[in-house]
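The values are calculated or read from the model by the stated rules, or taken from the named source; none is laboratory data. Predicted, not measured: the structure shown is a model, and the values here were computed from it. Using ideal geometry, Cβ is built from the backbone for each residue, glycine included, and neighbour counts are taken over all protein chains shown. Side chains included, ligands, DNA and RNA excluded: accessible areas come from the protein's heavy atoms. Shrake-Rupley method; radii C 1.70, N 1.55, O 1.52, S 1.80 Å.
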Amino acid sequence: MKLRNILAALVAGVSLFASCVEEADHYLDVVKVSSSYVALDMGESSQTIDMTTTDSWTITDVPDWLTVSPLSGSAGSQKVTFSAKKTLDGRNCEIKVNCGGKVQFINVMQGLATISKATCAEVNSGIEGKSYLVTGVVTRIANTSYGNFYINDGTDELYIYGTVDSKGNYNWGAFDDIQVGDEVTVQGPLAIYNGTYELKDALWIKTTKSLLKIDSIDPEDATIPTKGGDLTVTLSNKGNGLSVEVPESAASWLSIKSVDGDVVTFHATENVAGPRVVTIVFKTADKKYSAETTLTQLGAAGSLELPMTVEQAIAAAPSLGNTPVYVKGIVSKLVSSKDKSNNYVDGFNSDYGNGSFWISADGVYNNDKTLDFEAYQVNWIGGAKWTDGCPQIEVGAEVIIYGPLTTYNGTSETQGKGAAYIYSINGVTSSENGVGTPNAPFNVAGAIASAKAGFSGQAYVKGIVSDVLYTFSADYGTGTFWISDDGTSSVTENKKSTTDPSHDFEVYSCYYLGNKPWAAGNDQIAAGDEVVIFGNLTLYNGIAETASKKAYIYSHNGKTE
(Lines give C-alpha, C1' and ligand atoms only; values in the text may rest on other atoms or scores of the structure.)
Protein backbone atom coordinates (compact mmCIF):
# COMPACT_ATOMS: atom_id res chain seq x y z
CA MET A 1 0.00 0.00 0.00
CA LYS A 2 1.38 3.43 -1.01
CA LEU A 3 0.57 6.12 1.53
CA ARG A 4 1.02 9.10 -0.88
CA ASN A 5 -1.65 11.07 0.95
CA ILE A 6 -0.23 10.46 4.40
CA LEU A 7 0.89 14.10 4.78
CA ALA A 8 -2.66 15.40 4.74
CA ALA A 9 -3.58 12.93 7.42
CA LEU A 10 -0.52 13.86 9.44
CA VAL A 11 -1.42 17.55 9.41
CA ALA A 12 -4.91 16.70 10.61
CA GLY A 13 -3.62 14.43 13.33
CA VAL A 14 -0.59 16.04 14.90
CA SER A 15 -0.41 13.41 17.60
CA LEU A 16 0.62 10.83 15.02
CA PHE A 17 4.07 12.41 14.94
CA ALA A 18 4.93 11.61 18.52
CA SER A 19 6.78 8.49 17.42
CA CYS A 20 7.43 6.27 14.44
CA VAL A 21 4.60 3.70 14.21
CA GLU A 22 5.19 0.32 12.60
CA GLU A 23 3.09 -0.32 9.51
CA ALA A 24 3.52 -3.98 8.68
CA ASP A 25 0.76 -3.83 6.06
CA HIS A 26 2.28 -0.91 4.16
CA TYR A 27 4.75 -2.47 1.75
CA LEU A 28 5.11 -4.02 -1.70
CA ASP A 29 6.03 -7.60 -2.40
CA VAL A 30 9.52 -6.62 -3.55
CA VAL A 31 10.24 -4.11 -0.78
CA LYS A 32 9.02 -4.12 2.82
CA VAL A 33 9.52 -1.17 5.19
CA SER A 34 8.79 -0.96 8.88
CA SER A 35 7.21 2.47 8.30
CA SER A 36 6.07 4.33 5.20
CA TYR A 37 6.53 7.65 6.98
CA VAL A 38 9.33 9.09 9.11
CA ALA A 39 8.81 11.87 11.64
CA LEU A 40 11.79 13.98 12.72
CA ASP A 41 12.02 16.60 15.45
CA MET A 42 12.55 20.31 14.62
CA GLY A 43 16.02 20.09 16.17
CA GLU A 44 18.88 18.13 14.64
CA SER A 45 17.58 14.56 14.62
CA SER A 46 17.56 11.20 12.87
CA GLN A 47 15.28 8.16 12.53
CA THR A 48 16.04 4.61 11.36
CA ILE A 49 13.66 2.15 9.72
CA ASP A 50 14.07 -1.48 8.70
CA MET A 51 13.80 -2.41 5.03
CA THR A 52 13.77 -5.81 3.31
CA THR A 53 14.02 -6.16 -0.48
CA THR A 54 14.02 -9.06 -2.96
CA ASP A 55 16.27 -7.23 -5.45
CA SER A 56 18.85 -4.44 -5.59
CA TRP A 57 17.41 -1.03 -4.80
CA THR A 58 18.05 2.75 -4.93
CA ILE A 59 16.51 5.71 -3.13
CA THR A 60 15.76 8.85 -5.16
CA ASP A 61 14.05 12.26 -4.86
CA VAL A 62 15.93 13.18 -1.69
CA PRO A 63 15.86 16.97 -1.02
CA ASP A 64 18.93 18.97 0.05
CA TRP A 65 17.80 19.28 3.67
CA LEU A 66 17.55 15.52 4.19
CA THR A 67 20.34 12.94 4.43
CA VAL A 68 19.50 9.29 3.73
CA SER A 69 22.02 6.51 4.31
CA PRO A 70 22.54 4.24 2.52
CA LEU A 71 21.04 5.34 -0.82
CA SER A 72 21.38 1.96 -2.50
CA GLY A 73 21.97 -1.69 -1.70
CA SER A 74 21.51 -5.33 -2.62
CA ALA A 75 18.65 -7.74 -1.89
CA GLY A 76 18.18 -8.58 1.77
CA SER A 77 17.51 -6.80 5.04
CA GLN A 78 19.12 -3.51 6.01
CA LYS A 79 18.55 -0.42 8.10
CA VAL A 80 18.02 2.99 6.47
CA THR A 81 18.67 6.16 8.47
CA PHE A 82 17.07 9.55 7.81
CA SER A 83 18.79 12.66 9.26
CA ALA A 84 18.17 16.41 9.15
CA LYS A 85 19.68 19.49 10.73
CA LYS A 86 17.78 21.91 12.92
CA THR A 87 15.08 23.94 11.18
CA LEU A 88 12.99 26.96 12.11
CA ASP A 89 10.02 25.77 10.05
CA GLY A 90 8.38 22.44 9.46
CA ARG A 91 9.13 20.75 6.14
CA ASN A 92 8.26 17.55 4.37
CA CYS A 93 9.05 15.46 1.32
CA GLU A 94 8.25 12.18 -0.36
CA ILE A 95 11.15 9.93 -1.40
CA LYS A 96 11.12 6.85 -3.60
CA VAL A 97 12.55 3.38 -3.01
CA ASN A 98 13.04 1.86 -6.48
CA CYS A 99 13.23 -1.93 -6.48
CA GLY A 100 12.42 -4.60 -9.07
CA GLY A 101 10.67 -2.11 -11.35
CA LYS A 102 8.34 -0.96 -8.57
CA VAL A 103 8.34 2.09 -6.30
CA GLN A 104 7.73 2.28 -2.55
CA PHE A 105 7.00 5.82 -1.28
CA ILE A 106 8.23 6.99 2.11
CA ASN A 107 6.93 10.28 3.50
CA VAL A 108 9.36 12.27 5.66
CA MET A 109 8.31 15.22 7.79
CA GLN A 110 10.39 17.33 10.12
CA GLY A 111 8.13 19.19 12.51
CA LEU A 112 4.84 20.60 11.25
CA ALA A 113 4.86 22.34 7.87
CA THR A 114 3.19 25.52 9.10
CA ILE A 115 3.90 29.07 7.96
CA SER A 116 3.68 32.05 10.29
CA LYS A 117 1.25 34.72 9.08
CA ALA A 118 2.89 38.09 9.67
CA THR A 119 2.77 41.78 8.89
CA CYS A 120 5.49 43.42 6.81
CA ALA A 121 6.82 45.07 9.96
CA GLU A 122 7.03 41.70 11.74
CA VAL A 123 8.94 40.19 8.82
CA ASN A 124 11.33 43.15 8.79
CA SER A 125 12.26 42.32 12.37
CA GLY A 126 11.92 38.57 11.98
CA ILE A 127 14.28 35.61 12.17
CA GLU A 128 16.46 34.88 9.17
CA GLY A 129 15.65 31.50 7.62
CA LYS A 130 12.13 31.38 9.07
CA SER A 131 9.24 31.34 6.58
CA TYR A 132 6.42 33.87 6.68
CA LEU A 133 3.04 34.29 5.02
CA VAL A 134 2.42 37.95 4.24
CA THR A 135 -0.15 40.04 2.33
CA GLY A 136 0.40 43.57 1.07
CA VAL A 137 -0.22 46.04 -1.73
CA VAL A 138 2.41 46.19 -4.48
CA THR A 139 4.17 49.56 -4.36
CA ARG A 140 7.03 49.01 -6.82
CA ILE A 141 8.04 46.35 -9.32
CA ALA A 142 11.81 46.05 -9.70
CA ASN A 143 12.13 43.03 -11.97
CA THR A 144 9.72 40.77 -13.85
CA SER A 145 12.30 38.17 -14.90
CA TYR A 146 12.52 36.78 -11.37
CA GLY A 147 9.56 38.58 -9.81
CA ASN A 148 11.21 41.17 -7.57
CA PHE A 149 8.81 43.71 -6.08
CA TYR A 150 7.87 45.64 -2.94
CA ILE A 151 4.68 45.37 -0.91
CA ASN A 152 3.27 47.46 1.90
CA ASP A 153 0.49 46.42 4.29
CA GLY A 154 0.33 49.69 6.20
CA THR A 155 2.84 48.57 8.81
CA ASP A 156 5.99 48.73 6.65
CA GLU A 157 7.36 48.05 3.17
CA LEU A 158 8.84 44.60 2.40
CA TYR A 159 11.03 43.47 -0.50
CA ILE A 160 10.08 40.24 -2.29
CA TYR A 161 13.29 38.97 -3.89
CA GLY A 162 12.12 36.44 -6.45
CA THR A 163 8.66 34.88 -6.81
CA VAL A 164 8.06 31.23 -7.73
CA ASP A 165 5.13 29.01 -8.61
CA SER A 166 4.23 25.73 -6.89
CA LYS A 167 6.96 23.93 -8.87
CA GLY A 168 9.63 26.38 -7.77
CA ASN A 169 9.86 28.12 -11.15
CA TYR A 170 10.09 31.86 -11.82
CA ASN A 171 6.84 32.30 -13.72
CA TRP A 172 5.79 35.94 -13.54
CA GLY A 173 3.22 35.58 -16.32
CA ALA A 174 1.22 33.07 -14.26
CA PHE A 175 0.73 35.36 -11.25
CA ASP A 176 -2.46 37.11 -12.46
CA ASP A 177 -0.63 40.01 -14.11
CA ILE A 178 0.66 41.62 -10.92
CA GLN A 179 0.59 45.42 -11.13
CA VAL A 180 1.37 48.26 -8.75
CA GLY A 181 -1.69 48.68 -6.52
CA ASP A 182 -2.66 44.99 -6.52
CA GLU A 183 -2.86 43.10 -3.24
CA VAL A 184 -0.59 40.05 -3.27
CA THR A 185 -0.13 37.18 -0.83
CA VAL A 186 3.18 35.26 -0.81
CA GLN A 187 5.07 33.01 1.54
CA GLY A 188 8.75 32.30 1.81
CA PRO A 189 11.90 32.28 3.97
CA LEU A 190 13.37 35.50 5.31
CA ALA A 191 16.84 36.40 4.05
CA ILE A 192 18.94 39.38 5.13
CA TYR A 193 21.27 40.80 2.46
CA ASN A 194 23.42 43.87 3.19
CA GLY A 195 20.96 44.86 5.89
CA THR A 196 17.89 44.47 3.67
CA TYR A 197 15.19 42.09 4.92
CA GLU A 198 13.58 40.20 2.05
CA LEU A 199 11.51 37.12 1.34
CA LYS A 200 13.64 35.13 -1.04
CA ASP A 201 12.03 33.05 -3.82
CA ALA A 202 8.64 33.46 -2.22
CA LEU A 203 5.79 31.18 -3.25
CA TRP A 204 2.97 33.12 -4.92
CA ILE A 205 -0.38 32.40 -3.23
CA LYS A 206 -2.87 34.83 -4.79
CA THR A 207 -3.39 38.26 -6.32
CA THR A 208 -6.36 40.50 -5.61
CA LYS A 209 -6.62 43.07 -8.39
CA SER A 210 -6.79 46.71 -7.38
CA LEU A 211 -10.12 48.51 -7.66
CA LEU A 212 -8.22 51.64 -8.71
CA LYS A 213 -6.53 51.82 -12.11
CA ILE A 214 -5.13 54.50 -14.40
CA ASP A 215 -7.15 54.69 -17.61
CA SER A 216 -5.23 57.38 -19.48
CA ILE A 217 -2.61 60.11 -19.18
CA ASP A 218 -2.45 63.27 -21.27
CA PRO A 219 0.17 63.66 -22.66
CA GLU A 220 0.46 59.91 -23.17
CA ASP A 221 4.16 59.66 -22.31
CA ALA A 222 3.56 61.43 -18.95
CA THR A 223 6.18 64.00 -19.93
CA ILE A 224 5.80 67.72 -19.18
CA PRO A 225 7.83 70.15 -21.35
CA THR A 226 10.66 72.25 -19.94
CA LYS A 227 8.56 75.42 -20.05
CA GLY A 228 6.02 73.80 -17.72
CA GLY A 229 2.33 73.06 -18.21
CA ASP A 230 -0.50 70.70 -17.31
CA LEU A 231 -0.79 66.93 -17.23
CA THR A 232 -4.10 65.09 -16.72
CA VAL A 233 -4.57 61.59 -15.28
CA THR A 234 -7.91 59.82 -15.70
CA LEU A 235 -8.60 56.88 -13.35
CA SER A 236 -11.07 54.02 -13.17
CA ASN A 237 -12.15 53.84 -9.54
CA LYS A 238 -14.43 51.11 -8.20
CA GLY A 239 -13.34 51.76 -4.64
CA ASN A 240 -14.37 54.31 -2.05
CA GLY A 241 -13.39 57.89 -2.99
CA LEU A 242 -10.03 59.17 -4.24
CA SER A 243 -6.98 60.52 -2.46
CA VAL A 244 -3.83 61.97 -4.09
CA GLU A 245 -0.92 64.04 -2.85
CA VAL A 246 2.19 65.55 -4.43
CA PRO A 247 5.30 64.20 -2.66
CA GLU A 248 7.20 66.74 -0.63
CA SER A 249 10.25 66.24 -2.85
CA ALA A 250 8.32 67.68 -5.84
CA ALA A 251 6.15 70.24 -4.06
CA SER A 252 8.35 73.14 -5.19
CA TRP A 253 7.54 72.59 -8.88
CA LEU A 254 4.44 70.37 -9.12
CA SER A 255 0.94 71.05 -7.82
CA ILE A 256 -2.59 69.67 -8.13
CA LYS A 257 -4.54 72.04 -10.35
CA SER A 258 -7.90 70.31 -10.08
CA VAL A 259 -9.70 67.09 -9.07
CA ASP A 260 -12.92 66.43 -10.99
CA GLY A 261 -14.33 63.07 -9.90
CA ASP A 262 -11.68 60.57 -10.99
CA VAL A 263 -9.82 63.05 -13.22
CA VAL A 264 -6.78 64.75 -11.68
CA THR A 265 -4.88 67.59 -13.40
CA PHE A 266 -1.35 68.54 -12.31
CA HIS A 267 0.56 71.72 -13.12
CA ALA A 268 4.35 72.04 -13.35
CA THR A 269 6.35 75.27 -13.31
CA GLU A 270 9.17 76.02 -15.77
CA ASN A 271 12.28 73.91 -15.28
CA VAL A 272 15.59 75.77 -15.45
CA ALA A 273 17.65 72.82 -14.17
CA GLY A 274 18.01 69.18 -15.15
CA PRO A 275 15.17 66.73 -15.87
CA ARG A 276 13.05 65.87 -12.85
CA VAL A 277 10.89 62.87 -12.10
CA VAL A 278 8.23 62.19 -9.49
CA THR A 279 6.09 59.16 -8.67
CA ILE A 280 2.47 60.01 -7.91
CA VAL A 281 0.43 57.51 -5.87
CA PHE A 282 -3.36 57.56 -6.13
CA LYS A 283 -5.34 55.84 -3.36
CA THR A 284 -8.93 55.11 -2.55
CA ALA A 285 -10.17 57.15 0.40
CA ASP A 286 -9.88 54.14 2.70
CA LYS A 287 -6.24 53.70 1.55
CA LYS A 288 -6.87 50.04 0.69
CA TYR A 289 -6.23 50.23 -3.04
CA SER A 290 -3.72 52.27 -4.97
CA ALA A 291 -2.30 52.99 -8.41
CA GLU A 292 0.78 54.96 -9.36
CA THR A 293 2.41 56.68 -12.30
CA THR A 294 5.72 58.41 -12.92
CA LEU A 295 5.67 61.97 -14.24
CA THR A 296 8.74 63.42 -15.96
CA GLN A 297 9.52 67.04 -16.74
CA LEU A 298 12.19 67.71 -19.33
CA GLY A 299 15.06 69.85 -18.15
CA ALA A 300 17.03 72.71 -19.60
CA ALA A 301 20.10 70.63 -18.76
CA GLY A 302 20.47 67.06 -19.93
CA SER A 303 19.84 67.70 -23.61
CA LEU A 304 22.51 67.31 -26.30
CA GLU A 305 22.52 71.09 -26.74
CA LEU A 306 23.07 71.56 -23.00
CA PRO A 307 24.46 68.37 -21.41
CA MET A 308 24.37 68.01 -17.66
CA THR A 309 27.53 68.87 -15.79
CA VAL A 310 28.96 66.19 -13.53
CA GLU A 311 27.54 68.01 -10.51
CA GLN A 312 24.06 68.20 -12.09
CA ALA A 313 24.17 64.50 -12.96
CA ILE A 314 25.11 63.57 -9.41
CA ALA A 315 22.22 65.63 -8.06
CA ALA A 316 19.67 64.28 -10.57
CA ALA A 317 20.65 60.58 -10.59
CA PRO A 318 18.52 59.47 -7.59
CA SER A 319 15.26 60.75 -9.12
CA LEU A 320 15.53 60.40 -12.91
CA GLY A 321 14.34 56.82 -13.20
CA ASN A 322 14.86 55.52 -16.75
CA THR A 323 14.91 58.95 -18.39
CA PRO A 324 18.07 59.12 -20.59
CA VAL A 325 20.16 62.29 -20.43
CA TYR A 326 23.44 63.66 -21.79
CA VAL A 327 26.25 64.18 -19.27
CA LYS A 328 29.54 65.95 -20.04
CA GLY A 329 32.79 65.56 -18.14
CA ILE A 330 36.48 64.74 -18.35
CA VAL A 331 37.75 61.20 -17.75
CA SER A 332 39.60 61.17 -14.42
CA LYS A 333 40.18 57.48 -13.66
CA LEU A 334 39.74 54.12 -15.40
CA VAL A 335 38.03 51.19 -13.68
CA SER A 336 39.46 47.67 -14.01
CA SER A 337 37.41 44.58 -14.82
CA LYS A 338 38.35 40.94 -15.32
CA ASP A 339 38.24 39.46 -18.80
CA LYS A 340 37.27 35.86 -19.43
CA SER A 341 40.91 34.81 -18.98
CA ASN A 342 40.83 36.29 -15.47
CA ASN A 343 43.13 39.18 -16.44
CA TYR A 344 42.37 42.74 -15.37
CA VAL A 345 41.59 45.26 -18.11
CA ASP A 346 41.43 49.02 -17.55
CA GLY A 347 38.53 50.84 -19.20
CA PHE A 348 36.79 49.00 -22.02
CA ASN A 349 36.79 45.19 -22.01
CA SER A 350 36.26 43.39 -25.34
CA ASP A 351 34.88 40.28 -23.61
CA TYR A 352 31.84 42.29 -22.52
CA GLY A 353 31.84 45.12 -25.06
CA ASN A 354 31.59 47.84 -22.42
CA GLY A 355 33.78 49.76 -20.02
CA SER A 356 33.72 51.73 -16.78
CA PHE A 357 35.50 54.92 -15.82
CA TRP A 358 35.09 58.01 -13.66
CA ILE A 359 34.52 61.55 -14.89
CA SER A 360 34.73 64.89 -13.11
CA ALA A 361 34.39 68.54 -14.06
CA ASP A 362 38.13 69.13 -14.36
CA GLY A 363 39.54 65.65 -15.01
CA VAL A 364 40.77 65.21 -11.43
CA TYR A 365 39.65 62.12 -9.53
CA ASN A 366 38.66 63.37 -6.08
CA ASN A 367 37.52 60.12 -4.41
CA ASP A 368 34.47 62.17 -3.45
CA LYS A 369 30.96 61.03 -4.42
CA THR A 370 29.79 64.65 -4.56
CA LEU A 371 32.36 65.41 -7.28
CA ASP A 372 32.99 62.12 -9.10
CA PHE A 373 30.50 60.42 -11.44
CA GLU A 374 30.96 56.84 -12.70
CA ALA A 375 30.30 55.97 -16.34
CA TYR A 376 29.45 52.37 -15.43
CA GLN A 377 29.51 49.61 -18.06
CA VAL A 378 28.87 52.01 -20.92
CA ASN A 379 29.00 50.94 -24.56
CA TRP A 380 31.25 52.51 -27.16
CA ILE A 381 30.43 55.42 -29.48
CA GLY A 382 26.95 55.17 -30.97
CA GLY A 383 25.94 52.43 -28.56
CA ALA A 384 28.07 49.80 -30.30
CA LYS A 385 29.96 47.10 -28.39
CA TRP A 386 33.63 47.94 -27.87
CA THR A 387 35.94 45.52 -29.68
CA ASP A 388 39.69 45.07 -29.88
CA GLY A 389 40.97 47.60 -32.39
CA CYS A 390 38.79 50.43 -31.11
CA PRO A 391 40.69 53.17 -29.27
CA GLN A 392 40.80 52.67 -25.52
CA ILE A 393 39.35 55.40 -23.33
CA GLU A 394 42.06 57.48 -21.59
CA VAL A 395 42.30 59.90 -18.69
CA GLY A 396 41.96 63.49 -19.86
CA ALA A 397 39.48 62.82 -22.67
CA GLU A 398 36.35 64.97 -22.66
CA VAL A 399 33.29 62.78 -23.09
CA ILE A 400 29.55 63.16 -23.44
CA ILE A 401 27.68 60.14 -22.09
CA TYR A 402 24.06 59.38 -23.04
CA GLY A 403 21.73 57.11 -21.10
CA PRO A 404 19.71 56.62 -17.90
CA LEU A 405 21.32 57.34 -14.53
CA THR A 406 21.03 55.67 -11.15
CA THR A 407 22.53 55.69 -7.67
CA TYR A 408 24.17 52.59 -6.18
CA ASN A 409 25.56 52.55 -2.63
CA GLY A 410 25.74 56.34 -2.72
CA THR A 411 27.55 56.47 -6.08
CA SER A 412 25.88 58.35 -8.93
CA GLU A 413 26.43 56.44 -12.16
CA THR A 414 24.97 55.32 -15.45
CA GLN A 415 22.74 52.25 -15.44
CA GLY A 416 24.97 49.29 -16.35
CA LYS A 417 25.36 46.64 -19.05
CA GLY A 418 25.26 48.98 -22.00
CA ALA A 419 22.16 50.96 -20.98
CA ALA A 420 24.29 54.08 -21.62
CA TYR A 421 26.98 54.81 -24.18
CA ILE A 422 29.61 57.35 -25.20
CA TYR A 423 28.01 59.92 -27.47
CA SER A 424 31.26 61.74 -28.22
CA ILE A 425 34.95 61.82 -27.28
CA ASN A 426 36.76 65.15 -27.59
CA GLY A 427 33.95 66.43 -29.77
CA VAL A 428 33.74 63.60 -32.33
CA THR A 429 31.12 60.87 -32.68
CA SER A 430 33.31 58.48 -34.70
CA SER A 431 36.76 57.06 -34.03
CA GLU A 432 37.58 56.78 -37.73
CA ASN A 433 40.02 59.74 -37.56
CA GLY A 434 41.19 59.16 -33.99
CA VAL A 435 39.71 60.45 -30.75
CA GLY A 436 42.35 62.95 -29.64
CA THR A 437 43.98 60.83 -26.93
CA PRO A 438 47.71 60.01 -26.58
CA ASN A 439 47.35 56.52 -28.02
CA ALA A 440 44.71 57.47 -30.60
CA PRO A 441 45.47 61.09 -31.59
CA PHE A 442 43.33 62.90 -34.11
CA ASN A 443 44.63 62.98 -37.63
CA VAL A 444 44.17 66.36 -39.29
CA ALA A 445 40.71 65.41 -40.57
CA GLY A 446 39.69 64.39 -37.05
CA ALA A 447 41.03 67.60 -35.49
CA ILE A 448 39.18 69.72 -38.02
CA ALA A 449 35.94 67.79 -37.37
CA SER A 450 36.40 68.23 -33.62
CA ALA A 451 37.00 71.97 -33.84
CA LYS A 452 34.02 72.41 -36.17
CA ALA A 453 31.85 70.51 -33.67
CA GLY A 454 32.66 73.22 -31.13
CA PHE A 455 35.19 71.27 -29.06
CA SER A 456 37.64 73.66 -27.42
CA GLY A 457 39.27 71.31 -24.93
CA GLN A 458 42.68 69.73 -25.06
CA ALA A 459 43.45 66.98 -27.57
CA TYR A 460 46.32 65.26 -29.33
CA VAL A 461 46.66 65.89 -33.10
CA LYS A 462 49.05 64.07 -35.43
CA GLY A 463 50.11 65.32 -38.85
CA ILE A 464 52.92 66.18 -41.27
CA VAL A 465 54.27 69.72 -41.46
CA SER A 466 53.26 71.15 -44.86
CA ASP A 467 54.13 74.86 -44.55
CA VAL A 468 55.90 77.01 -41.97
CA LEU A 469 54.63 80.53 -41.33
CA TYR A 470 56.92 81.41 -38.42
CA THR A 471 59.80 79.20 -37.40
CA PHE A 472 60.43 78.88 -33.68
CA SER A 473 61.99 81.98 -32.17
CA ALA A 474 64.01 82.34 -29.01
CA ASP A 475 62.47 85.79 -28.55
CA TYR A 476 58.92 84.44 -28.37
CA GLY A 477 59.56 80.76 -27.68
CA THR A 478 56.76 79.78 -30.06
CA GLY A 479 56.27 78.90 -33.71
CA THR A 480 53.37 78.76 -36.20
CA PHE A 481 53.05 76.22 -39.00
CA TRP A 482 50.54 74.15 -41.00
CA ILE A 483 50.03 70.40 -40.97
CA SER A 484 48.01 68.00 -43.13
CA ASP A 485 47.49 64.27 -43.23
CA ASP A 486 49.65 63.70 -46.30
CA GLY A 487 52.11 66.62 -46.04
CA THR A 488 50.66 68.47 -49.03
CA SER A 489 49.56 72.07 -48.71
CA SER A 490 46.66 74.25 -49.84
CA VAL A 491 48.04 77.23 -47.94
CA THR A 492 47.92 80.66 -49.60
CA GLU A 493 51.05 82.43 -50.80
CA ASN A 494 51.39 84.54 -47.64
CA LYS A 495 50.93 81.34 -45.60
CA LYS A 496 48.38 83.05 -43.35
CA SER A 497 45.35 81.19 -44.65
CA THR A 498 44.31 78.17 -46.69
CA THR A 499 42.19 77.63 -49.76
CA ASP A 500 40.97 74.28 -48.37
CA PRO A 501 40.01 74.47 -44.65
CA SER A 502 39.02 70.77 -44.76
CA HIS A 503 42.61 69.82 -45.65
CA ASP A 504 44.89 72.06 -43.56
CA PHE A 505 45.20 72.56 -39.81
CA GLU A 506 47.13 75.48 -38.34
CA VAL A 507 49.38 74.94 -35.35
CA TYR A 508 49.21 78.51 -34.14
CA SER A 509 51.73 80.08 -31.78
CA CYS A 510 52.61 76.81 -29.99
CA TYR A 511 55.40 75.98 -27.61
CA TYR A 512 58.14 73.41 -28.07
CA LEU A 513 58.62 69.94 -26.59
CA GLY A 514 57.60 69.53 -22.98
CA ASN A 515 55.42 72.64 -23.21
CA LYS A 516 58.55 74.79 -22.90
CA PRO A 517 59.57 77.87 -24.90
CA TRP A 518 61.86 77.05 -27.83
CA ALA A 519 65.52 77.92 -27.11
CA ALA A 520 68.54 78.33 -29.34
CA GLY A 521 70.07 74.93 -30.06
CA ASN A 522 66.72 73.09 -30.15
CA ASP A 523 65.69 71.40 -33.39
CA GLN A 524 63.83 73.68 -35.78
CA ILE A 525 60.53 72.78 -37.42
CA ALA A 526 60.56 72.05 -41.17
CA ALA A 527 58.19 70.84 -43.90
CA GLY A 528 57.94 67.06 -43.95
CA ASP A 529 58.42 66.64 -40.19
CA GLU A 530 55.95 64.39 -38.39
CA VAL A 531 54.53 65.98 -35.26
CA VAL A 532 52.02 65.28 -32.55
CA ILE A 533 50.52 68.42 -31.02
CA PHE A 534 48.76 68.62 -27.66
CA GLY A 535 46.61 71.56 -26.65
CA ASN A 536 43.32 73.41 -26.95
CA LEU A 537 41.58 73.39 -30.31
CA THR A 538 39.58 76.27 -31.71
CA LEU A 539 37.96 77.50 -34.91
CA TYR A 540 39.02 80.95 -36.20
CA ASN A 541 37.44 82.43 -39.33
CA GLY A 542 36.45 78.92 -40.36
CA ILE A 543 39.97 77.51 -39.96
CA ALA A 544 40.72 74.82 -37.35
CA GLU A 545 43.80 75.58 -35.28
CA THR A 546 45.35 75.44 -31.84
CA ALA A 547 44.55 78.25 -29.42
CA SER A 548 47.42 80.75 -29.12
CA LYS A 549 50.02 79.69 -26.56
CA LYS A 550 47.73 76.91 -25.30
CA ALA A 551 49.40 74.06 -27.17
CA TYR A 552 52.83 72.50 -27.59
CA ILE A 553 54.68 69.91 -29.64
CA TYR A 554 54.20 66.59 -27.86
CA SER A 555 56.54 64.76 -30.24
CA HIS A 556 58.75 65.85 -33.15
CA ASN A 557 59.77 63.08 -35.54
CA GLY A 558 59.22 60.63 -32.67
CA LYS A 559 61.20 62.69 -30.16
CA THR A 560 59.33 63.80 -27.02
CA GLU A 561 62.07 65.70 -25.18
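A straight chain from Tyr540 to Lys257 at 0.36 nm per residue would run longer than the Cα-Cα distance by 96.7 nm. A straight chain from Ser350 to Ala75 at 0.36 nm per residue would run longer than the Cα-Cα distance by 93.1 nm.
Over the residues of the chain, the helix contribution to mean residue ellipticity at 222 nm works out to -1000 deg cm²/dmol, using -39500 (n - 2.57) for each DSSP H run of at least 4. The protection proxy used here, the mean number of other Cβ atoms lying within 10 Å of each residue, ranks peptides 517-530, 346-359, 150-163 as follows, highest first: 346-359, 150-163, 517-530. Using R0 = 51 Å, the C-beta based FRET efficiency linking Ala142 and Thr499 works out to 0.25.
Across Met51, Met42, the residue with the most accessible area heads the list, and the full order at a 1.4 Å probe is Met42, Met51.
Label separation (Asn439 vs Asp177): 5.2 nm, computed from points 7 Å beyond Cα along the C-beta direction.
Label separation (Asp165 vs Ser45): 3.5 nm, computed from points 7 Å beyond Cα along the C-beta direction. The slack in the chain from Leu513 to Lys130, taken as 0.36 nm per residue of separation less the alpha-carbon distance, amounts to 130.9 nm. Which of (1) 70, 60, 44; (2) 69, 59, 52; (3) 115, 70, 35 is the computed Cα extents along the principal axes in Å for the structure on display? Given (1) 70, 60, 44; (2) 69, 59, 52; (3) 115, 70, 35, the structure-derived one carries the label (3). Taking the accessible area of the chain, probe 1.4 Å, and keeping the other protein chains in place, the carbon and sulfur fraction comes to 47%. What the chain shows is 48 Å² of accessible area per residue, with the surface traced by a 1.4 Å probe over protein heavy atoms. Using a simple spin-label model with pseudo-atoms 7 Å out from Cα toward Cβ, Leu304 and Asn522 lie 4.1 nm apart.
Using a probe of 1.4 Å, the accessible surface attributed to Tyr170 totals some 100 Å² when neighbouring protein chains are kept in position. With all protein chains in place and ligands, DNA and RNA left out, the 1.4 Å accessible area ranks His556, His503 as His503, His556, largest first. Select from Val399, Tyr344, Val461 the residue farthest towards the positive end of the dipole of the chain; place +1 on Cβ of Lys and Arg, -1 on Cβ of Asp and Glu, and compute about the Cα centre. Among Val399, Tyr344, Val461, the one farthest towards the positive end of the dipole of the chain is Tyr344.
Strictly over 31 Å apart at the Cα level, which of Lys462/Lys495; Lys452/Lys516; Lys130/Lys283; Lys496/Lys516 would you flag in this model? Where the Cα-Cα span goes over 31 Å, the pairs concerned are Lys130/Lys283. Going 7 Å from the Cα of Tyr470 in the Cα-to-Cβ direction, what parts of the range 538-561 have a backbone nitrogen less than 13 Å from that spot? Taking a point 7 Å out along Cα→Cβ of Tyr470, the residues of the range 538-561 whose backbone N falls under 13 Å are 548-550.
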